[in-house]
Amino acid sequence: MFVYSPLEQFEVVSLISLNAPVIGYLNLSLTNLALYSFIVFILVIGLHLAFKGTNGSTLNDTKLIPSTWSIALESSFASINAIVREQIGLRNEIYLPFIYSLFFFIIIANLIGNTPYSFTITTSIVLSVGLSFTIFIGVTLIGLAKHGLHFFSFFIPSGTPLALVPLLVLIELTSYLARALSLGVRLFANVTAGHTLLKILSTFLYQLFSSSIVVALFTLVPYSIFIALIGLEIAVSIIQSYVFILLTASYIKDALELH
């Protein structure tokens with residue numbers, strides 16, 4: 001049950017594998033990445049359905065004082081709605097469901113990863129970069145659908161001298177294409193670095209606690225720092241979810257307004 005390498009916790013492994021001689025050689029397997037992605041999906045849906053009445057109304061409609069979870073969900077919705085209004089605009093609230101779902105998917109995935117011996121799906125470069133690359137394609141399609149060929153004026157800043165146009169177009173195009181990687185790599189790198197640090201420190205503290213009673217007593221001081229780092233990692237999980245949707249909303253705004 002113990003993880004001996006700090007990077008071993010990020011490996012995608014097969015939990016259940018089925019080899020069947022159907023349609024040539026068919027291999028079906030359930031990985032920890034797929035399992036925890038499904039768990040995150042169920043938790044996101046279940047968390048919101050749990051506060052719905054039998055007739056589709058919220059539980060707050062039948063209670064004088066709303067529950068703590070209902071207040072938390074409504075506060076989250078209000079905060080994300082404010083981000084969408086500020087970044088994308090009042091007339092573009094059609095993107096609110098997407099931004100809202102994206103936030104809860106990432107934050108629950110990050111928080112689940114803070115559970116000991118669990119798997120953090122956002123530490124998978126395939127999922128993180130795949131998610132950002134999909135958003136990049138969607139944002140580009142939104143810009144092309146709204147502006148047509150005029151969308152490519154986004155790569156030429158207004159007032160640019162003609163002699164500098166080729167250079168600035170190359171710079172702007174590189175910067176724009178980098179969004180496909182930077183959004184996902186930022187999430188992947190921050191979560192992976194935090195989990196790696198916690199794993200190294202927990203292994204070191206375990207060895208100190210197991211050595212002797214005297215050393216274990218002195219280890220209580222660094223152990224309190226380790227507890228504080230766990231709280232910091234939880235905060236990072238929430239902040240990275242917020243940053244992800246903030247940048248996504250900003251990219252959508254750029255595609256809609258071309259600036």
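The values are calculated or read from the model by the stated rules, or taken from the named source; none is laboratory data. On a predicted model such as this, the values are computed, not experimentally measured, just so you know. So basically every Cβ, Gly included, is an ideal-geometry build from the backbone, and we count neighbours across all protein chains shown.
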Meets criteria (closer than 30 Å to Gln87 by Cα, surrounded by 14 or more Cβ atoms within 10 Å (Cβ to Cβ) and not charged (D, E, K, R)) for Ala180: yes
Members of region 205-221 found to be loosely packed, with under 14 Cβ neighbours inside 10 Å and over 20 Å from Ser118 (Cα atoms), listed by number: Gln207, Ser210, Ser211, Ser212, Ile213, Val214, Val215, Leu217, Phe218, Leu220, Val221
Tyr117, sole failed condition from (1) of a type outside the set (Val, Ile, Thr); (2) in contact with a helix residue (DSSP H, G or I) (Cβ under 6 Å, 6 or more places away or on another chain); (3) closer than 30 Å to Ser5 by Cα: (2)
Looking only at region 156-173, and only at residues there that are surrounded by 13 or more Cβ atoms within 10 Å (Cβ to Cβ) and closer than 13 Å to Leu258 by Cα, the one that is modelled with the lowest pLDDT: Pro157
Considering residues of region 137-155 that are touching a Phe, Trp or Tyr at 6+ places or on another chain (Cβ under 7 Å) and in contact (Cβ under 8 Å) with a residue 40 or more places away in the chain only, the residue farthest from Ile39 (Cα to Cα): Gly143
Selection from region 81-120 of residues that are β-branched (Val, Ile, Thr) and more than 19 Å from Ala189 (Cα to Cα): Ile83, Val84, Ile88, Ile94, Ile99
Elements of type helices (runs of 4 or more DSSP H) in region 15-130, at least 1 residues being exposed (fewer than 13 other Cβ atoms within 10 Å of the Cβ), modelled with pLDDT under 85 and in contact with a Ser or Thr (Cβ under 6 Å, 6 or more places away or on another chain): none
Tally of residues being touching a residue at least 24 places away in the same chain (Cβ under 8 Å) and closer than 22 Å to Ala249 by Cβ across region 122-136: 10
Test: residue in region 125-138 that is of a type outside the set (Phe, Trp, Tyr) and over 20 Å from the mean Cα position of the chain (by Cα): no
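Yes or no, residue by residue, for (1) in contact with a helix residue (DSSP H, G or I) (Cβ under 7 Å, 6 or more places away or on another chain); (2) outside any helix (DSSP H, G or I); (3) within 20 Å of Leu201 (Cβ to Cβ); (4) in contact (Cβ under 8 Å) with a residue 60 or more places away in the chain:
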{"site": "Val214", "(1), (2), (3), (4)": "no, no, no, no"}
{"site": "Pro222", "(1), (2), (3), (4)": "yes, no, yes, no"}
{"site": "Ile225", "(1), (2), (3), (4)": "no, no, yes, no"}
{"site": "Glu233", "(1), (2), (3), (4)": "yes, no, yes, yes"}
{"site": "Ile239", "(1), (2), (3), (4)": "no, no, no, no"}
{"site": "Phe244", "(1), (2), (3), (4)": "yes, no, no, yes"}
{"site": "Ile252", "(1), (2), (3), (4)": "yes, no, no, yes"}
{"site": "Leu256", "(1), (2), (3), (4)": "yes, no, no, yes"}
Checklist (1) more than 25 Å from the chain's Cα centre (by Cα); (2) among the hydroxyl-bearing types (Ser, Thr, Tyr); (3) within 23 Å of Ser79 (Cα to Cα) applied to Tyr251, failing item: (1)
